[in-house]
Amino acid sequence: MNQTIQRRRERAELALQSSSDALVLVGAGEPIAVPGGLDRVYPFSAHPHHRWLTGRNDAGAVLAYDPGEGWRDFAPELTDDDRIWEGITSRAGEPISGLKPWLAARSGRPIAMLGVPVEGIAGDTELSAELDQQLLHARRPKDQTEITLMNRAIEATAAGFARARAFAEPGVTERAIQIELEAECFRHGGEAMGYGTIVGAGPNAAILHFAPSERTVKHGEIMFIDAGCEIKGYAADVSRAFVIGESSAMQRDLHAIVLDAERWAITQCTPGTEWKDLHLRTALRMTQGLIDLGILTGSAEGLVERDAHALFFPHGLGHLVGLGVRDASGYLPGRSPSNRFGLAFLRMDLPLEQGYITTVEPGLYFIEPLLRDPANRENYHDAVNWTEVDRWIGIGGIRIEDNILITDSEPINLTESIPVGL
Ligand code: GLY
Ligand code: MN
Ligand code: MN
């Protein structure tokens, strides 16, 4: 076992210490069948707890831990099908058939079932939930191996963005831009995209998770791209917006508000910063920008208290990123998602700590279904200049998203090399 994995297991041992009698199982999971696809399965992605503790992406593998004795790696036995169809010649770990006897020799002990539950074995629900949170927390700070993989994923992503930007011109389709971006990522070492690439031009730039279409890009439109490639499971998550040809004053104003908010929020990414507070303070800053633009009316504080900002910024400020695009985000034990319109979509509620990598991704959008909703027009009749809003529906939206490493001094913007200019 290499040193990185050794150190992670030691970190996990400390995190799981609270229950010294419990056995721990960490399942990688099984391939997921494509509905109606006969023997087709989705590309396999091991549960991140398992992958982090083993460095492997092996379906069916189970890592077992007995605090008195240490770790045991179990893996499915190699079959003829594996050898003949997949060319697999060996598997790391002892045969999975040894797991049941291993458990039987320790019968009566509580079992914490982490990762993907192992079929046929009953875990203790409460204990599993508690230790799952502890392991999740132990995974949050990134080690050097993880930072190196993130930087490689980011380098490949940066190449993809550079290609997309050079290629985007009036007449090309969103889909063609996606193809260029992804191909360039793969040419630079990307193994997969970390999530569905978003490419939206003009009004499509206001659709938060827009899948690129055959629509051609037009002169003067906002071009919005959110993409990140993945290497050994580590994903970048980057958003940029730019204008094809000449930008308008409104496009420049929106871009300036978002960029200012993003740059400011990045400076606040230091150990101890509570993410929910930073989200709200960033919302306040963009709300003041929208007041200055004549879109919102009133005081920024009052508007954010009423969640008026969420009409234009209807998502969270960001999430942890690393082993998978959402990595070990979430809510600290005892905290739960709010049902406030302006907070319900926060993907995490925790203080930042050294070693975390978080996205910072404020955005402002003119989202037609939100802004034409009669209930919103009624609730916010005095907060929004609706005549002005009507002028801008169709302009799209802008999100600027970087991946930030928290350190004990200044935050490091890992994605800084990807130009943010309009
Ligand atoms: N790519 C989705 C997100 O930014 O969270
Ligand atoms: Mn993101
Ligand atoms: Mn993104």
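Bear in mind that the values in this text are calculations on the coordinates, not laboratory data. The shown structure was predicted, so the numbers you read here are calculated from the model rather than taken from an experiment. Quick reminder, even Gly has a Cβ in these numbers, built from the backbone with ideal geometry, and neighbours come from all protein chains shown.
Observations on the structure shown:
- Cleavage-rule hits, GluC sites (Glu not before Pro), the range 319-422, DSSP coil, Cβ neighbours within 10 Å at most 10: none
- Look at the Cα gyration tensor of the range 265-310: its axes a ≥ b ≥ c give a/c of at least 1.5 with a/b over b/c, and that counts as prolate.
- Annotation: the antiparallel percentage among DSSP beta bridges lying fully within the chain is about 80.
- The relative contact order of the chain, computed from alpha carbon pairs under 8 Å that lie at least 6 residues apart in sequence, is 14 percent.
- Qualifying aspartates and glutamates (Cα of each under 12 Å from Cα of K218; at least 8 residues distant if same chain): E169, E174, E246
- Rel. contact order, % - alpha carbon contacts under 8 angstrom, at least six apart, the range 3-139: 29 percent
- Straight-distance crosslink candidates among lysines, where the alpha carbon sits under 17 Å from K142 and sequence neighbours closer than 8 are dropped: K232
- Taking the Cα centre of the range 3-139 as origin and assigning +1 to Lys and Arg Cβ atoms and -1 to Asp and Glu Cβ atoms, the resulting dipole is close to 420 debye.
- Working note: 222 nm ellipticity from helices only, DSSP H runs with n ≥ 4, each -39,500 (n - 2.57), summed and divided by the residues of the chain, gives -10000 deg cm²/dmol to the nearest 500.
- Pairwise label distance in nanometres, F186 with V172, each label 7 Å out on the Cα-Cβ vector: 1.7 nm
- Taken over the chain, the ratio of Cα radius of gyration to 2.2 N^0.38 Å equals 1.08.
- With the simple model of a label 7 Å out from the Cα in the direction of the Cβ, S20 to F44 spans 3.7 nm.
- Among the GluC sites (Glu not before Pro) found in the range 180-277, those both in a DSSP coil and sparsely packed, with 13 or fewer other Cβ atoms within 10 Å of their Cβ, are E214, E246.
- Point-charge dipole on Cβ atoms (K/R +1, D/E -1) for the range 144-413, about Cα centre, debye to 20: 260 debye
- Based on C-alpha pairs under 8 angstrom that are at least 6 apart in sequence, the range 101-180 has a relative contact order of 18 percent.
- The phi-based Karplus calculation (6.51 cos²θ - 1.76 cosθ + 1.60; θ = phi - 60°) puts the 3J(HN,Hα) values of the range 23-28 at 8, 10, 10, 10, x, 6 Hz, whole numbers, x for Gly and Pro.
- Relative to the longest principal axis of the Cα atoms of the chain, the long axis of helix 275-293 makes an angle of roughly 20 degrees.
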